[in-house]
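These notes are about the structure you will find just below.
The values are calculated or read from the model by the stated rules, or taken from the named source; none is laboratory data. On a predicted model such as this, the values are computed, not experimentally measured, just so you know. Backbone-built Cβ (ideal geometry, glycine too); neighbour counts: all protein chains shown.
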Amino acid sequence: MSITAYGLQQIKKELQHLPPEQLAELCLRLVRYKKENKELLAYLLFEAHNEHDFIESIKAEAGFMFSQLPAQSYFTAKGLRKILKMLTKYTKFIGSKPAEIELLLNFCQNYLQYVVKQTAYKPIRLIFTRQVEKIRASIDKLHEDLQFDYSQDYNKLLDDADNKFSWLNKKSYLL
C-alpha cells in the first residue's frame, strides 16, 4: 500500500473549490512547516508588487556578504556558495529570467571587485566560470531585444574579467 501523490493540476482544481477561509487556513498551515514556504509567501504578499526594489535589496545584501568574505580560499568558496544559494532562492521566488540575469551579473561584478585576482584555488575560479556560463545560457533564452541589452552588460563583464584574471579564457564565453 502506498500513499497517493497528487499532481499539480489535481491540487489546483481542488483549491478552486475551497472557500477563502479554508484556503487561508491551509496556507498558514503550509507556511508553518518550512522556512522557505514562509519566505515565499512573505515575498508574494509584501514584495512582489515592487520587483525592482526587491532586486535592489537582494543586490545590497549580496554586496554586504561579499564585503564580509574571509581571506582564506576555502572559506571564501563557502561564502560564495552561500551567496549563490541566497540568490538562487530569491530568483525562484521572482520567477523571471531577466531578474535572474541581473542578479547573476551583479554577483559576477561583485566577484571581480572582492575576490582576490591571483587565486590558485580552483573551486573559487569554477564558481565564477559556472555563473558566466549560466548567464550566457539564460541570455540565449530571452527575446531578441532583451538579449541585446543583456549581452552588452555580459560582454563588458567578460572584458573586465579578462583584464583582471589571467586564468580566464574570454573567447570560450563570448556570445
Restricting to region 102-126, name every residue that is modelled with pLDDT of 95 or more and of a type in the set (A, V, I, L, M). Leu103, Leu104, Leu105
When you check Phe107 against the structure, is it within 10 Å of the chain's Cα centre (by Cα), under 17 Å from Leu158 (Cα atoms) and either in contact (Cβ under 8 Å) with a residue 60 or more places away in the chain or buried (at least 20 other Cβ atoms within 10 Å of the Cβ) (or both), yes or no? yes
Which members of region 163-174 meet the condition of being touching a helix residue (DSSP H, G or I) at 6+ places or on another chain (Cβ under 7 Å), under 17 Å from Arg130 (Cα atoms) and assigned to a helix (DSSP H, G or I)? Lys170
Exactly one of these conditions fails for Phe54: (1) modelled with pLDDT of 90 or more; (2) farther than 27 Å from Ala99 by Cα. Give me its number. (2)
In region 118-144, which residue that is more than 16 Å from the chain's Cα centre (by Cα) and among the acidic types (Asp, Glu) is nearest to Lys78 (Cα to Cα)? Asp140
Residue set Asp160, Asp145; condition charged (D, E, K, R), assigned to a helix (DSSP H, G or I) and surrounded by 12 or more Cβ atoms within 10 Å (Cβ to Cβ); output residue Asp160
